[in-house]
Amino acid sequence: ADADVAPHRWLYELQWQPEAAPRLAGLPDLPAVQPAHGSAAGAWLVLADRGGVGRALAAALEHGGGRCCLVEIGSAWEQVDERCWRVPPGDLTAYARLVRQVVERMRPPLAGVVHLWSVDDRPPAELTPEDLASAQESGTKSVLLLLQALLQHADAGQPRVWLVTRGAVATGPVEPPVSLAASCVWGLGRVLSLEHPHLWGGLIDLAPGAEADERASQVLGELLGRSDEDQTAYRHGRRHVPRLVRAMVPPAQ
């Protein structure tokens, strides 16, 4: 009985555990796409990375019946075509203008917003102070400004907002250092899930080094699959979810 109440047994820790990925169907030829529970129908706003994940995801959503608008990082406001924009990531007025134009072109109200700009963050070993400042602007700052624009535009509806990162969490002891800027996006996401649950979709962390199509398939599964998880991480093609477990701390001698 004394062992059960020993102080070292009061401690718990977060552990990432493997779990089956959501299954999808009727969607495009992306690796690991499986039979579907969800529907891609509706309008989607995809803040696309430079590596091709966002564009592959948009193609998959449109294949499944959705309609997508792409947003890329730019130095100034630019409308590339009727469904693609470039915006400066730190400009609030640009997001307000973007949401207004997207809603006008993509009625009915948005079904979902997928923020992938943090997927472009440089690995920690290559990060410079300038890179970190740029990543903060395209990461946490852009998420906040985008959310403000969505809340101010009633016609946007209540789209689920998903934040996608790369290497933001450590799912095991033998992993590269986490991305500093991307981990800040995860911290912000946890706050947003509490303050704006009606808009919350989830956090998805992709593995460094995976191909764009594989990553897009994993994001697609989280968007449309049937799952109660709002925090997931993919490593070596496997999906992991966080669980609170008793910490393995040896008793004091």
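The values are calculated or read from the model by the stated rules, or taken from the named source; none is laboratory data. What you are looking at is a predicted structure, and each value in this text was computed from that prediction instead of being measured. Cβ atoms come from the backbone with ideal geometry, glycine included; neighbour counts cover every protein chain shown. Note: areas computed on protein heavy atoms with side chains; ligands, DNA, RNA excluded. Shrake-Rupley method; radii C 1.70, N 1.55, O 1.52, S 1.80 Å.
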Inset, instruction - Report, by residue number, each residue of segment 90-124 that is over 20 Å from Leu223 (Cβ atoms), open to solvent by 20 Å² or more (accessible area, probe 1.4 Å) and modelled with pLDDT of 90 or more. - result: Gly90, Asp91, Leu92, Thr93, Ala96, Arg97, Arg100, Gln101
Inset, instruction - Spot the failing condition for Ala40; the list is (1) open to solvent by less than 30 Å² (accessible area, probe 1.4 Å); (2) farther than 20 Å from Leu192 by Cβ; (3) assigned to a strand (DSSP E or B), and only one is missed. - result: (3)
Inset, instruction - Answer yes or no as to whether Leu70 is within 30 Å of His240 (Cβ to Cβ), modelled with pLDDT under 95 and open to solvent by less than 60 Å² (accessible area, probe 1.4 Å). - result: no
Inset, instruction - Filter segment 198-253 for residues that are charged (D, E, K, R), in a loop (DSSP other than H, G, I, E, B), open to solvent by 70 Å² or more (accessible area, probe 1.4 Å) and closer than 19 Å to Ala20 by Cβ and give the result. - result: Arg226, Asp228
Legend entry - Residue ID - modelled with the lowest pLDDT, chosen from residues in segment 74-89 that are surrounded by 14 or more Cβ atoms within 10 Å (Cβ to Cβ) and more than 19 Å from Leu61 (Cβ to Cβ): Trp77
Legend entry - Of residues in segment 104-124 being without any contact (Cβ under 8 Å) to a residue 60 or more places away in the chain and part of a helix (DSSP H, G or I), the one nearest to Asp49 (Cα to Cα): Pro124
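For segment 136-181, what are the residues that are in a helix (DSSP H, G or I), modelled with pLDDT of 90 or more and open to solvent by less than 50 Å² (accessible area, probe 1.4 Å)? Give the steps one after another, and end with the answer.
In the first step, residues of segment 136-181 are kept if they are in a helix (DSSP H, G or I); the result is 136-152, 154-156, 180-181.
Applying the additional criterion that residues be modelled with pLDDT of 90 or more yields 136-152.
Passing the criteria: Ser138, Gly139, Thr140, Ser142, Val143, Leu145, Leu146, Leu147, Ala149, Leu150.
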Inset, instruction - Answer yes or no: is there a residue in segment 125-143 that is of a type in the set (Lys, Arg), closer than 21 Å to Gln17 by Cβ and in contact (Cβ under 8 Å) with a residue 40 or more places away in the chain. - result: no
Inset, instruction - Only residues in segment 39-62 that are under 18 Å from Ile73 (Cβ atoms) count as the first member; pair them with residues that are open to solvent by 50 Å² or more (accessible area, probe 1.4 Å) and basic (Lys, Arg), Cβ under 6 angstrom, at least 6 apart or cross-chain, and list the lot. - result: Ala48/Arg55
Legend entry - Qualifying positions in segment 201-218 - modelled with pLDDT under 95, touching a helix residue (DSSP H, G or I) at 6+ places or on another chain (Cβ under 6 Å) and over 15 Å from Arg50 (Cβ atoms): Asp213
